[in-house]
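K.L.:
Dumping the structure here so I can ask a few things about it.
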């Protein structure tokens, strides 16, 4: 008897909006933690830990012409180490980072601890979990050529949803961040079959190219202001999710 491997995706536009906790908690308790770091305050804090930057990081900072890009890069590198060291209760010098073949950042020698990073606009965002996870945040650019992207990356149902919505630009980014966070969580890199990944509200079958055997993925999408949309994806359907900000 042949058994067909099946992967499913549960998508939800989350309401009400998340409650951001100020006090940090580094006990995952088999859940999912999302962190949001503001650009200016995060950079002011990260400057005090510039010694955590690798030599190649310092060289790369000089290649950014935009100050905001420099800030996002520094925050990503510094907070990644600080937060993970606290979660694992490990000295900073013991952390060893690497990448998969598809360039997904991973923590070496800690295969049961997963993280992902995204930054855009005024935020740098992290997600941490004991299961595979991904996050994507996007600054809403009303001049972005979304129609040309949708033709290649959105199903007809998704295109209709965007074009019929009260705010098409907003809806475009909501679906885009959902697709991106899923791809980052699974770690396959950019796909040619994004049209086959439906990220409207509901439960959907995933294409076989994204299947990890029999698996279930949850994607939640949020917007905390009129300028940013973000989504988080994790493997499972029953994980408790908490939100933290600095």
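The values are calculated or read from the model by the stated rules, or taken from the named source; none is laboratory data. This is a predicted model, so every value here is computed, not measured. Don't worry about glycine lacking a Cβ; one is built from the backbone with ideal geometry, like all the others, and counts go over all protein chains shown.
K.L.:
Output the helices (runs of 4 or more DSSP H) that fall wholly within the stretch 121-229 and possess 1 or more residues being in contact with a strand residue (DSSP E or B) (Cβ under 6 Å, 6 or more places away or on another chain), or say none. Steps first, answer last, please.
P.N.:
Values: elements: 146-153, 156-164, 168-186.
Fully inside the stretch 121-229 and qualifying: 168-186.
K.L.:
Additional query: Any idea which of 81, 103, 12 is on the phi > 0 side of the Ramachandran plot and within 19 Å of the chain's Cα centre (by Cα)?
P.N.:
Details: 81 fails: on the phi > 0 side of the Ramachandran plot; 12 fails: on the phi > 0 side of the Ramachandran plot.
Selected residue: 103, the only one of 81, 103, 12 that is on the phi > 0 side of the Ramachandran plot and within 19 Å of the chain's Cα centre (by Cα).
K.L.:
Next up: Quick one: residue 9 ticks every box in (1) surrounded by 14 or more Cβ atoms within 10 Å (Cβ to Cβ); (2) more than 23 Å from residue 97 (Cβ to Cβ); (3) modelled with pLDDT of 95 or more except a single one, so which number is it?
P.N.:
Among (1) surrounded by 14 or more Cβ atoms within 10 Å (Cβ to Cβ); (2) more than 23 Å from residue 97 (Cβ to Cβ); (3) modelled with pLDDT of 95 or more, the lone unmet condition for residue 9 is (3).
K.L.:
Can you find, within the stretch 230-246, the residue that is farthest from residue 150 (Cα to Cα) among those that are touching a helix residue (DSSP H, G or I) at 6+ places or on another chain (Cβ under 8 Å) and part of a strand (DSSP E or B)? Even if it seems obvious, please write down each step before you answer.
P.N.:
In the first step, residues of the stretch 230-246 are kept if they are touching a helix residue (DSSP H, G or I) at 6+ places or on another chain (Cβ under 8 Å); the result is 230-235, 246.
Checking the rest, the ones that are also part of a strand (DSSP E or B) come to 230-235.
Numbers: 230: 18, 231: 18, 232: 21, 233: 21, 234: 24, 235: 26 Å.
Selected residue: 235.
K.L.:
Further, regarding this structure: Residues of the stretch 19-60 being touching a strand residue (DSSP E or B) at 6+ places or on another chain (Cβ under 9 Å), within 22 Å of residue 97 (Cβ to Cβ) and not in a helix (DSSP H, G or I), which ones?
P.N.:
24, 26, 28, 32, 33, 34, 35, 36, 37
K.L.:
Let me spell it out: the conditions are (1) buried (at least 21 other Cβ atoms within 10 Å of the Cβ); (2) in contact with a helix residue (DSSP H, G or I) (Cβ under 9 Å, 6 or more places away or on another chain), and residue 226 meets all of them except one. Which number is the exception?
P.N.:
Result: residue 226 passes all but (1).
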